[in-house]
Amino acid sequence: MTNYNLKPNHRHFLDISSISADDAREIIEKAKMLKKEAADQNHSKGSVHPDAPLQDQALAMIFEKPSTRTRVSFEMAMHQLGGKSVVLQNYDMQLGRGESVSDTARVLSGFVDAIMLRANSHEALLEMAETSTVPMINALTDFSHPCQIMADVLTFEEHRGSITGKKIAWSGDGNNVAVSWIHAAVLFDCELAVACPKEYAPLEQVVGWAKNNGGKVSITESPEDAVVGADCVITDTFISMGDEDAEKRLTDLAPYQVNSALMKNANEDAIFMHCLPAHRDEEVTADVIDGPQSVIWDEAENRLHIQKAILMWCFGK
Ligand code: CP
Ligand code: NVA
């Protein structure tokens, strides 16, 4: 990957691995506090925080791929914190007609205080971050999905207490979401067992990075082994946005489906998470995702609470 010259004074949120463990923890605790405060004070979803901590801030959100949760949670997070957001789809921007990402970043930096990007390529995110003079947020790339996994850590801790020392099992494609889980395993000091076919293993550079940084990350081809002793079992779609070989993926990854037989190998009180959108009876059976161990709706709602904390961290609040 190109070694981009990122400005150290910028509070970019590009990956969980690009911030410190203390900052990652601060974001989780801030999200818990904001969520509790909103519940205690019975805030309605359209209301603005009485202190409007982001009242002077504006966020541009660029989407090169579809989104439901990320788009709405960031837009509502900015609204609830008193800020302004602008949603941009690449096909109705000059970006979609070939204007360079670096020129786009430079121009937007003159209009807004932060830029969030859901990009086809991680390289584009890094290129934009290099040119942007305001903080950049990774809202999913082909490489990683850090905002999602910060919400997952928050969700885990709400249900099972501190994630430190706990075991998380991933069964399925070693994709962008799995990569951010590997980053999180290092920063939050939990164990992560990833089960996937060899061809679908997370990038070696990421696994190597985790091992070099003391991460307890293992990769196996056996989902049954991965889930033993797990406090949480996770999967994601077998066909991510941009994947082309759909039929082959469904066939190759079918043995990694999370179903009730697999959940029985995990701890009795293990929770099930999925970033959504889900495909019932592909990567997970309906009885698991809609069953008592599933915490997917809390996980989805927590995108809102964690986005607030990520935004406040980016703005130094
Ligand atoms: N989990 C997630 O990022 O969902 P969206 O694609 O709907 O934003
Ligand atoms: N791995 C999925 C996550 C969607 C939120 C994708 O990239 O499409």
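For Lys166, the lysines whose Cα falls under 18 Å of its own Cα, not counting residues fewer than eight places away in the same chain, are Lys211, Lys216, Lys264. Pairs of Cα atoms in segment 210-317 fall into 10 Å distance bins, from 0 up to the last occupied one, in shares of 13, 35, 34, 16, 2 percent. When the scattering of the chain is computed by the Debye formula from its Cα atoms alone, each counted once and equally, what is log10 I(q)/I(0) at q = 0.09, 0.10, 0.11, 0.13 Å⁻¹? Summing over Cα pairs of the chain leads to -0.44, -0.54, -0.66, -0.93.
Helices assigned as whole DSSP H runs in the chain whose Cα atoms extend at least 18 Å along their own long axis and whose mean Kyte-Doolittle hydropathy is -0.5 or higher are found at 146-160, 296-314.
For segment 1-139, lysine pairs separated by 8 or more sequence positions, or belonging to different chains, with Cα-Cα distances below 22 Å total 8.
In µm²/s, what is D for segment 41-150 at 25 °C and 0.890 mPa s, where D = kT/(6 pi eta Rh) by Stokes-Einstein and Rh is the Kirkwood radius from Cα pairs?
Working: Rh = 14.4 Å.
Roughly 171 µm²/s, to the nearest whole number.
Between the listed residues Pro66, His279, Gln89, the Cα displaced farthest toward the positive end of the dipole of the chain, a dipole computed from Cβ unit charges relative to the Cα centre, is found at Gln89. From its DSSP helices (H runs of at least four residues, each -39,500 (n - 2.57)), the chain gives a residue-normalised ellipticity at 222 nm of -12000 deg cm²/dmol. Spin-label model, Asp92 to Asp252: label points 7 Å out along the Cα-to-beta-carbon direction sit 3.7 nm apart.
Histogrammed with a bin width of 10 Å, the alpha carbon distances of segment 200-259 distribute as 17, 42, 36, 5 percent, first bin at zero.
With kT/(6 pi eta Rh) evaluated at 20 °C and eta = 1.002 mPa s, and Rh the Kirkwood radius from Cα pairs, segment 151-272 diffuses with a coefficient of 149 µm²/s according to Stokes-Einstein.
Every read-out reported here was derived from the displayed coordinates using simple, explicitly stated rules and does not represent laboratory data. Just so it is clear, the model here is predicted, and its values are computed rather than measured. Cβ atoms come from the backbone with ideal geometry, glycine included; neighbour counts cover every protein chain shown.
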